[in-house]
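The values are calculated or read from the model by the stated rules, or taken from the named source; none is laboratory data. Only a predicted model underlies this, so the values are computations on that prediction, with no experimental measurement involved. With ideal geometry, Cβ positions are generated from the backbone for all residues, glycine too; neighbour counts draw on all protein chains shown. Please note that ligands, DNA and RNA were not included when accessible areas were found on the heavy atoms of the full protein model with its side chains. Shrake-Rupley method; radii C 1.70, N 1.55, O 1.52, S 1.80 Å.
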Amino acid sequence: MLALQHLARIHLGAGRHRQAYESAEVALGLGPEHEAVARRVLLRTWQGEAPAGLGDTTAGRRRLAQAALEAEQTGYDAGAVTALDALLHIADQDALPELRRRHAAAHARIRER
């Protein structure tokens, strides 16, 4: 799973969005690990960034919102910040105030530790 996670991130960084999405999809299908939440949130974040990079912001917003929510619900604040940061770039204007609030709250929780 870790190799596929890295491959997804490399593809995304190189602008190969479809390959990034596919690598993340395969990695997610491999099943749970001891770091399941962190890996799943990061992979879902990249799966949101990938379609957005291909122009499908609706799918990107949906995946990023799922990643952010899972991260927040499980206390993975660094993952929430990452997903929310990406989501802020493609969000509808109506959603921005709430997303900014959640982003700031996750940052605050990280600083408190």
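Any chance you could count how many residues in region 21-35 are assigned to a helix (DSSP H, G or I) and open to solvent by 20 Å² or more (accessible area, probe 1.4 Å)? Please lay out each step first, then the result.
So the first thing to find is which residues in region 21-35 are assigned to a helix (DSSP H, G or I), and the list is 21-28.
Next, only the ones that are open to solvent by 20 Å² or more (accessible area, probe 1.4 Å) stay: 21-22, 25-26, 28.
Number of matching residues: 5.
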Filter result for the condition that a residue is surrounded by 24 or more Cβ atoms within 10 Å (Cβ to Cβ) and of a type in the set (Lys, Arg), over Arg63, Arg18: Arg63
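State yes or no: is Ala52 crowded, with 16+ Cβ neighbours inside 10 Å and not β-branched (Val, Ile, Thr)? I'd like the intermediate steps shown before the answer.
Working: crowded, with 16+ Cβ neighbours inside 10 Å: yes; not β-branched (Val, Ile, Thr): yes.
Taking the combined requirement at face value, the residue satisfies it.
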